[in-house]
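I have placed the structure first, in the form of structure tokens, so that the comments after it can refer back to it.
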Amino acid sequence: FFFSSLPHTMTPRDLVVLLASFCLSCDAFRLPAAGLRLPAGAAASSASSSSCCRMMFGGAGGKPDGEGGMGGFMEQMKAAKDMFNPENMKKYAALGQKIQALQEELGQTEVEVATNEGAILVKITAMQVPLDVKVSDEMVAKGAEAVSAEVAAAMKQAHAKSGAYMQQRMAELYKELGIAEPPKQ
């Protein structure tokens, strides 16, 4: 076996360099999970104590590309290369400038929500910064608990409305630049 011929004075760093060099010349490099000694203080996972093998780049032996084989790794590398091509870098630079301008615009845009036929009026910016809350005399006459409930409801509505407006403007910006929107969380 290859590891038995290695000198015992080899450091973990030397071993990693050797393994990386060897990996470059192989289709898929399998690391035996059993029999590897971890450095002092490193916790052994339950997977490393089993007798199965792990693929160096997360694949599984014998699976075709796209199912955890080396092809998945190569697809990620191609996506990274595409992300950093000069044309995309120009788009990302333009996006950064336009996002900054959009943030300034959203900071100046007021979103207004009125509840209970104008009894509560809430104003916030499109960046969700509160600006003003007005409570009518009729609402005050209903008591503190009623005012509190209505203000909370108005604030929630204003927050949702400004958030939707902000998302809409961002989607328009991405579409204008021809860049795919980031995934929603």
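Points worth noting:
- Take the Cβ atoms of residue 109 and residue 79, set R0 to 35 Å, and the FRET efficiency comes out at 0.50.
- Carbon/sulfur fraction of accessible area - the range 103-185, other protein chains in place, 1.4 Å, %: 52
- Annotation: amide H of residue 125 within the under-5 Å range of 111, 131, sequence separation 5 or more or interchain, hydrogens built in the peptide plane.
- Taking all pairs of distinct alpha-carbon atoms in the range 140-182, Kirkwood radius in angstrom: 12.6
- Every Cα-Cα pair in the range 72-154 was counted, and those over 17 Å apart are 65% of them.
The values are calculated or read from the model by the stated rules, or taken from the named source; none is laboratory data. From a predicted model like this one, the values you see are computed outputs, not experimental measurements. Every residue, glycine as well, gets a Cβ built from its backbone with ideal geometry; the counts of neighbours run over all protein chains shown. Surface accessibility is based on the protein's heavy atoms, side chains included, excluding ligands, DNA and RNA. Shrake-Rupley method; radii C 1.70, N 1.55, O 1.52, S 1.80 Å.
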